[in-house]
């Protein structure tokens, strides 16, 4: 009953763990190039790796014997005993990658050592050696992988679209390039150069991958202890994004994922960034190899630290220190328009006591002397109509005490108060109504923009001065594949060059919105829900605009509060914001009495 599997079958089983998609092949090959001491690595793909994956390096190369042995299962130059697993500074070490790749593709290897006059060419098809011969080739190695999964049609069937697979390729490429800034890297897809990264430092590599906007808004993180050394960069609090994607941890120059350590970073940003946004970080941890276990996951993206809790504390403190230094650093503001001109005092300057003008007839308790904004003629028409109906039903509550129908103040002289520039309080039939200012504004703007998109005949308004926007390669791919759909919504976006677009027009009736802000917001939405965006593009666009335009933490005068609450109650769905969160709550009189009697 028990059978020993042939090597070809065993390799295909291993490939199921190690090689999940074209990006997995690229990860394994470029890591091998780095381990081979390369100073230049070029990656070329066609049809997102389905047709061709080529990785060319100028590393140490291999002899004809080593070249053949490299495709055997568990063949490795990294370890010779189990103890060596505790001393690893290199990437690949299990010796499964090349054997797995060769079992599910057509593979060609050209390689030569620097000291050899000739090189070796090996052809392998589905684990079977086709040929091996002596050739003339440059020093280093060149792997060409064709027709990936040709003999495993079920695996090939489950590959995503070319754009989706290319995004995965870019992710793997970024991870290796970020932890090796001393190596030149390039990535070309279907003849188009996506990345051409020269040697440099970490900040330059970050800017080369994610754009100058990211590179210019980084804070340095540095700490050196007996347990861990941490270097790298974090983004400034004002440069956060709505999606996770630019968060990178490296341990001994190996990328890894850790929700635990990620929490240490996000925790340090508490109270500094809006809820639902995420800072970028590029953090490099150095620990003794014996305190690190990298052999717990097939793709080695998860690792274990022997002193995990202590490193968490050190990491959190290092981030807080970097943010604290940034907050204390003096900021020079050259915008002096509308600023008070403070005179310079000299020894001869005569000091004059300032005179104040006081209106002795003013009485704050007399309504006729106040500029009241609560009189009927100044109340929003929609609100006034609701008052005049005079048949407001009692509150009907959902789970969580969120009212479906909303009581209004009992008279037109109802008062509003603002709480910490975030909430609006007012009297209701059942108690105290608290309105979330930002969520309310989002609901108002969302319905306003949605109505405009539905009713507008001419969607696009051309900009007098087009906006040129440099994007990361990933963001550029995302916006490129949706340009046609965005054009139908009124966006005139054109490809300008490498990772650069130009916004020539925006949807009609969009005012006071920065073109770059709305484009980046749209990209974040497309990252989260590309299918939903296409099906409900107008709603998603209206939501993106509402998020950008809505005001929060802003002082409102009485007239502005009155207008906001009136417009909210006139909305088609005033009880929740466009993202499904409640815009208000009612604290009943019974609840107030209960709390006061405690």
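Values for this structure:
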| quantity | calculated |
| --- | --- |
| Test: residue in the stretch 562-580 that is in contact (Cβ under 8 Å) with a residue 60 or more places away in the chain, in contact with a strand residue (DSSP E or B) (Cβ under 8 Å, 6 or more places away or on another chain) and either surrounded by fewer than 13 Cβ atoms within 10 Å (Cβ to Cβ) or closer than 30 Å to residue 189 by Cβ (or both) | no |
| Test: residue in the stretch 42-57 that is part of a loop (DSSP other than H, G, I, E, B), over 20 Å from residue 19 (Cα atoms) and either modelled with pLDDT of 90 or more or not assigned by TED's automatic domain parsing to the domain that holds residue 24 (or both) | no |
| Failed criterion for residue 523 (all others in (1) surrounded by fewer than 20 Cβ atoms within 10 Å (Cβ to Cβ); (2) touching a helix residue (DSSP H, G or I) at 6+ places or on another chain (Cβ under 8 Å) hold) | (1) |
| Pair list, Cβ under 6 Å, 6 or more apart: the stretch 188-209 residue more than 17 Å from residue 40 (Cα to Cα), other residue surrounded by fewer than 17 Cβ atoms within 10 Å (Cβ to Cβ) and modelled with pLDDT of 95 or more | 190/46 |
| Some residue of the stretch 83-92 being surrounded by fewer than 21 Cβ atoms within 10 Å (Cβ to Cβ) and at pLDDT 90 or above | no |
| Residue ranges of helices (runs of 4 or more DSSP H) in the stretch 154-258 with at least 3 members within 16 Å of the chain's Cα centre (by Cα) and not assigned by TED's automatic domain parsing to the domain that holds residue 37 | 202-210, 212-215 |
| Any chance residue 181 is under 26 Å from residue 497 (Cα atoms) and in contact with a helix residue (DSSP H, G or I) (Cβ under 7 Å, 6 or more places away or on another chain) | yes |
| Test set (1) in contact (Cβ under 8 Å) with a residue 60 or more places away in the chain; (2) surrounded by fewer than 20 Cβ atoms within 10 Å (Cβ to Cβ); (3) not in a strand (DSSP E or B) - residue 101 fails condition number | (2) |
| Residues located in the stretch 135-153, provided they are surrounded by fewer than 15 Cβ atoms within 10 Å (Cβ to Cβ) and part of a strand (DSSP E or B) | 135 |
| Looking only at the stretch 1-19, and only at residues there that are closer than 18 Å to residue 172 by Cβ and surrounded by 17 or more Cβ atoms within 10 Å (Cβ to Cβ), the one that is modelled with the lowest pLDDT | 15 |
| Hits in the stretch 110-126 (condition: closer than 22 Å to residue 22 by Cβ and either more than 41 Å from the chain's Cα centre (by Cα) or surrounded by fewer than 23 Cβ atoms within 10 Å (Cβ to Cβ) (or both)) | 110, 122, 123, 124, 125, 126 |
| Options 194, 244, 230; residue that is surrounded by fewer than 16 Cβ atoms within 10 Å (Cβ to Cβ) and touching a strand residue (DSSP E or B) at 6+ places or on another chain (Cβ under 6 Å) | 244 |
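The values are calculated or read from the model by the stated rules, or taken from the named source; none is laboratory data. What you see is a predicted model; the values in this text were computed from it and never measured. Please note: Cβ atoms are built from the backbone with ideal geometry, for glycine as well, and neighbour counts cover all protein chains shown.
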